[in-house]
Every structure is written in C-alpha cells, then in structure tokens.
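K.L.:
First the structure, which I've put down as structure tokens, then a few questions once you've had a look.
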Amino acid sequence: MAKGFKQSLILLLLLISIRISLSVKLQSSQVEALLRIQSLLNFPSVLSNWSKKTKFCNLYPSPSVTVVCYGNNLTQLHISGDNKGAPKLPHNFSIDSLVTTLANLPSLKVLTLVSLGLWGSLPGKIEDLSSLEMLNISSNFLDGKIPEEISSLTNLQGIVLDDNMFSGEIPDILGSFPALNALSLRNNSFDGSLPKSLGKLSGLRVLTLANNKFSGEIPDLRGLKNLEKLNLENNSLGPDFPQLENKLVILILRNNKFRSGIPAEIESYYQLKNLDISSNKFMGPFPTSLLSLPSINHLNIAGNKLTGTLSRKVSCNYALKFVDLSSNLLTGDLPDCLESKSKNQIVRYKGNCLNMAGDGSQHEYSFCRNEALAAGIVTSSKKHEQTKKAILASCIVGGISVLAVLIFLVLWLFRRVYAKKKLHAKTPRVISEKAATNYTSSKLLTDAKGYISQTMKLGALGIPAYRTFSLEELEIATNKFASTAFMGEGSQGQMYRGQLIDGSLVAIRCLKLKENHPIKHLMPHVELIANLRHRHLVSAIGHCFEYYLEDSTVSSLFLVFEYVPNGTLRSWISAGRARRKLTWSQRIAASIGIAKGIEFLHTGITPGIFSNNLRITDVLVDQNLSAKISSYNLPLLAENMGMVTHGASTRSKEAHTRIEHEDKMDIYDFGVILLEMIMGIQIKTRSELNAVRNQVQASLEADEATRRSTVAEEIRNTYSDESLKTMMEICTRCLLKDPSLRPSIEDIMWNLQFASQVQEAWQGGESRCSSSSTRGSSPASPLELPKLRFTIH
C-alpha cells in the first residue's frame, strides 16, 4: 500500500514538473517589466523568488502573489504585502516610475497592489493602463487627489483605494464609468460634498465611503438600481435620510449628522440584512416594522432621538441576531420577541423609558417626554393651543362625521354579506408591486475588496437587473398569453415568448402551483432563482406572483427569463437543416461555456445545484454564438408543484450514487453533449451512446487519419489533432461508468482551455504555412503549452 502511494506521489510530481517545464512563456518585455516592478517595490519578501528564469505564467497563486496570463500576455497582477501594514518605501521610490512600468503590460486588466508601502500622488499617466478593469491599491500611503485622467479608463469595474491618505473632493468625472460595480474609498481624508454624478453609476453594487470627512446632503441615489451595499459611516453627512432604491442588503449611516425622520419607504427594503443608523440625531417615530423585515438580522438605531410606544406583541424576524435600541426615547414594553435568552441573539435597550421593573437601565417616562419636547418632536405649548382650537373645530363637525360613519357602516355590512356569497368562486388576482419584492443576490461579502473578486468572477454579464413584474406587463408582452406566443409545455410549466414595452424579448415560464402557498414561503426560492445569474446560463430577470386577495396565497408563479433567439446547440451541430455549422474552435468555445455554467451551478451559489439532467437541446446559442444552459434543477418546481424534475426521475436506480457523487451526474451529461459535438450526429438512445463512445475510444488509440474519418464531416481538416485528442479524452473520461473516476469540473475546464490554446496556436501556425502544408497535422506550437491534467484521486 505504501509502495502504491509512493508511485502515485512520484507520478503526481512528474505531472507537475512536466506542466512547469512546458508552461506558457511570457513576452520578454513583460518579464522585464515585472522584474522592474520588483526593484521599484524594493524587493519585498513576497517577490523574493522572482528572477529572469521565473516562468511567471505558471506560478501557483498564493494569497500574496498571483500572476494570470492569457496567451503570452499578462492580464492580472496581484501583490499583497504584510497584513499588518508595510512601512513606507524608501525616499527614492517613484510612483510615477511604477505606473510607467505597469503601462508596459498592455493587456493588464486586474491590478492589486496592497500593503506595499507605496507613497506619493497617483499620477495622471494612470490613463496609460487602458485595459484596466479592476484597480485595488489599498493599505498604502498614497495621498493627494484622484487624478481626472482616471476617467479615461472606461472599462473599470472596480476601484478600491481604502486605507490611504487621499484627500480633496471626489471628482465629478466618476460618473463616466459605465461599467463600475464597486467603489470603495474607506479610511482616507476625502472631504467636501458628494458629487451628483454618483447617481449616474447605474451598475454600482457596492459604495463604501466610510471614515472620511464628507459633509452636506447626499445626492439622489435612486438611479443606482443595483446598489446592494452602502457604507457612509463616520462622516458629517446629513441632515436628510438618503434617497435610495429598495434593493439594499447593507445600509450603514452610523455617526453622521442626520436629524430627519426615518422614511416610510424603508419598510419596503425586503432584502435589507444589516441596518445601522446609530449615533445620529434621527427623530420621530421608530418604525417597529423594521424588526420584522424579511431578511433583517442586524439592526442598530442606538444614540438617536427616536420615539414611540413599544408593545409586547410586536413581531420580529426569526433571523434577527443583533438589536440595539439604546439611548432613544422609546416607551412601553420590550417586545416578547426581543426577550429571548438565546445565546445567539444580542439585544440592547438601555437609556430609554421602557417598563422594565427592577431594571435600573431605564429613565422615567417624564425624561423621554421632556427630551422629546426639547427636541421639538412632541407639540410645544404654542402647538398645544392650536390643538385646543382644532379640538373645538372638530366638535362642531363631529355630528356630521358620526352620521357619515353610520352610513358607511351600513353600506359596508351589505357589501360584506354579498361578498361571502361569492367567496367560493374566488378569482386569482395579480399581486401588487408592493407585495412582491425585487430579489437579487442576497449574499454580499463584508467589504468592497471582497466584492471585487466576485465581480471579477462574474464579469460584465449584460443581463438586465432582476425585478418584479406585474401581471399586466406580462399580458401586454404576450398579447394576453395568446397561442401565437406559446412556445411549449414541459414538466417545468408552460413557456411563452413575449416582448416588453422597452422592446426587449423575454421567455416567460408559467407555473401553476398544485397547492396555494403564502408569499413568505416562496420568497426564499425566488431569491435562489434570482441568484442564478451567469453569462452561460439563461438567467431569470424577474418574477410575478398571481394570488388570491382573500388569503394572500399564491396560485401561480411567472418566471421571466432572458430570451435567447439563436436556437439550440444541436441545431448548430447535428440538426439536419440548412444552416451553417459551428467550426471546431467555436465548438471548443461552446464546450468551455457549458463547463463554466456547470461550474457556477455547482460552486457559484450555496447550496450548489446538481443533477441538472443536462441535454444538448437544453443548451441555447445567443447572437454571439455563446452557449447558455436553459434548463437546470430548480428545487421550487419539485417542492411546490408536487412535481419531480426530470433529472431526478430518470435515475432513481442511482439514488445512492447520486448523493455520494452528485456533481458527477452533470459531468456524465456534459460528456454526452461533448460526444455529439465531436461526432456531429444526434444521440438519442443508450445503445447509440455506447456505440459512439466506443468508436471515439478506439479512434483515440488509432492514428490521425482514423480520427479524421471519425469526426463530423464539416470539421475535418480544420483542427489540430492534439486539440481533437484532448477533447476526445475529456469526453471518454466524462462517460466512465464509475462516477468516482470521472474528472472534476475544474479539471475539465483546465483541459478545455488547453485544447483551445493548442487549436489557437495551430491556427496561427497553419496560417503561416505554405499552401503545400498538410492540414490536420499538429505543427510545433509557438506557445509552450501544458500537458493534460486530471486529478489523481
């Protein structure tokens, strides 16, 4: 047994050594640029292993250093120093020289230089980093203003300048970043008012401006339709509560100069998890509905002048873990839901006027009344006189009012009796916009730097923001669900094609629930669906509930998806109709897209979604010939419709195996799709699958001519044989009967990228060959490419 382990270890080391020795080679000018950066940073310890012999594109990533290449160009550079903070670099350091050197990396998209002791003012030549999409230079000693030249970097998706010494006002040019997802300027010395252009960053999801010297009113931010995190802590902003959209997950306004009331709109912030408005001067009634918001788990209103009488019957969200009501002017009784002795819940309420017998932490009732009078919250003596006059006036009209009320009661009773007769014939009605919430991603990392990595992973999706639709909108889009809009019906409901008012096409899935459910029961499932947004999934862009007015239970759910107009992948591979077929390179690209979609379903959300019963007819092709998975395992369908999804029902005999290797079921399905893409024939039965798989396996062990005669006719003589063999090997491994022997999705991705690079290199070499060169061979690649990699279990 020890001998076998030793042999496996030697083999693993051999594979690693082969991969290292055959790595992609970075251009010499870019190698020189990296070594120059090492010198400019004063040879930090995290770069101690860099030298002229270093194969940068093959360095294994670490928390301190990561280098990412595409082809022979560097695209990402991440260097992080000591977490405790590095000292300033020597006096001969030049930030100007550093930026000049970085400009010698023309394909650089992501730049992270954290805690390296950088100092000086960011130079205007930052504009020379024209490909930059992510910039993170936090935890340094950079000062001065943000240069206006940064507006030239129109591809920027994330800017993180935290923990520096930047100063001055935020330039108005920030509104010129159409793709910006995250802006974090925490812990600097910025001052002045916030520019109105912030409200133009429609794609912004994270805005963190905490611990600066900003002052004045907050501009209208209702244009930030996708904003999920707003942190303005420790500034001098105010006095009015900011105008915001209701998709926020985190809202922190702590320690500013707000002194308005809390707007009623905050009760519609259904995704809000963390609300901290402490240490301000907010006044007026405290909305107790904040305690029961659907997602709230952290609420801090301490240190304000909020009033109101609490009741023991006030309800709370079960997930509420932290509540601080301290130092306000609240009276009445502490709600029962806040008197839990659970160790997982923290509740603070001292410094109010609550009825807490034997508790010395509360003031007398008169204290809160007098403080409210002093703050002008309760009517003053002058207003008291006006109140007396108002009472007298109301007495005069009181008789008329009573008579009107009596008439109203008679009419109401008559209508009530009539309505009961029709109760058994109740008709579904569409839910209003207020009743259904706009659910987008509810998982957000704790700071902007964490969100940057999420943005890097997802990229620019080009998918509309998730929202709630009204039934009226959907009826207009489908001409009242006309038969001409009907696309088909399956186990997951009826599908309709529609066109929204803005002209965009959508696909609408109508799910008739076998049992009616309250909205709160369905919202977690809708939230999960809203999270399934990826460039290689047909993503949902909204939903609509149809419900009964009498008991507010949902009878139907409409899911609105992006419309993909270019047909199925099979129609571009093996369908027998006249249309051009995908080239070999395009088939590899489609395979990579499908694999990325599977990877997202497995690892991009928690919990992952497995056993998706993937079929080539469920993969659609968009206008850019990019593959999108259109059908995946939505738990909502099985649980609430009383249905068993097709993916679960077709493999009941393998239930135990699926639980143990549930990710490998999708790997098998991917192998079937890959088989059809290679062979160009439709595979409809198990016997056909076995026969074609054996044919591919045999051709792997044969010569190049045999392989050429095996594959789809339309791709013969258009591929590198090494690329074809790689794809065939991935395919056969995915179709192994033992799930434990099938490759992981990560290994598949790695090898697909290898096949793509081999094909790209071959095409580049073939285009330079003379006309007498034999197509289909594998000439020496100009790139040094790694060998196949499959994990050894």
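K.L.:
Can you give the log10 of the normalised intensity I(q)/I(0) at q = 0.10, 0.11 Å⁻¹, computed with Debye over equal Cα scatterers of segment 484-603?
P.N.:
-0.42, -0.51
K.L.:
Would you work out if segment 179-227 is rounded, prolate or oblate? Take a ≥ b ≥ c from the square roots of the eigenvalues of the alpha-carbon gyration tensor; rounded if a/c is under 1.5, else prolate when a/b is larger than b/c, oblate otherwise.
P.N.:
Cα axes put segment 179-227 in the oblate bin.
K.L.:
Need the full-extension length gain, Arg686 to Thr100, defined as separation in residues times 0.36 nm minus the C-alpha distance. One decimal, nm.
P.N.:
204.9 nm
K.L.:
Here is a further query. Could you check the simple spin-label distance between Ser744 and Glu701, using points 7 Å along Cα→Cβ, in nm with one decimal?
P.N.:
My value for the distance between the label points is 3.0 nm.
K.L.:
Mind running the shape call on segment 176-290? Use the C-alpha gyration tensor, a ≥ b ≥ c as the square roots of the eigenvalues: rounded below 1.5 for a/c, prolate if a/b tops b/c, oblate otherwise.
P.N.:
The shape class here is oblate.
K.L.:
On to the next question. For Lys313, go through the aspartates and glutamates and keep the ones whose alpha-carbon is under 19 Å away, minus same-chain ones fewer than eight residues off.
P.N.:
Output for Lys313: Glu267, Asp324, Asp333, Asp336, Glu339.
K.L.:
Also: Would you mind putting 194-200, 736-742, 533-539 in packing order, based on average other-beta-carbon counts within 10 Å, highest first?
P.N.:
Packing order, densest peptide first, comes out as 533-539, 194-200, 736-742.
K.L.:
Work through the residues other than Ile262 whose Cβ is under 14 Å from its Cβ and net out their charges, Lys, Arg +1 and Asp, Glu -1.
P.N.:
So the environment of Ile262 carries a net charge of -1.
K.L.:
Give, as ranges by residue number, the residues of segment 266-291 whose backbone N falls under 16 Å from the point 7 Å along Cα→Cβ of Gln243.
P.N.:
Backbone N within reach: 266.
K.L.:
For Ser260 and Ile173, what is the calculated FRET efficiency with R₀ set at 35 Å and r taken between the beta-carbons, to the nearest 0.05?
P.N.:
0.70
K.L.:
Ok, one more. Taking N as the number of residues in segment 516-574, what is its Cα Rg relative to 2.2 N^0.38 Å?
P.N.:
1.50
K.L.:
Tell me the label-point distance for the pair Asp333, Asn42, using the 7 Å Cα-to-Cβ offset, in nm and rounded to one decimal.
P.N.:
6.5 nm
K.L.:
Determine the percent antiparallel among the DSSP beta bridges restricted to segment 37-192, to the nearest 5.
P.N.:
Percent antiparallel among DSSP bridges in segment 37-192 is about 20.
Quick note: the coordinates plus some simple rules give every number you see, no bench work behind them. What you see is a predicted model, and the numbers here were worked out from it, not measured in a lab. As a convention, Cβ positions derive from the backbone with ideal geometry for all residues, glycine included, and neighbour counts pool all protein chains shown.
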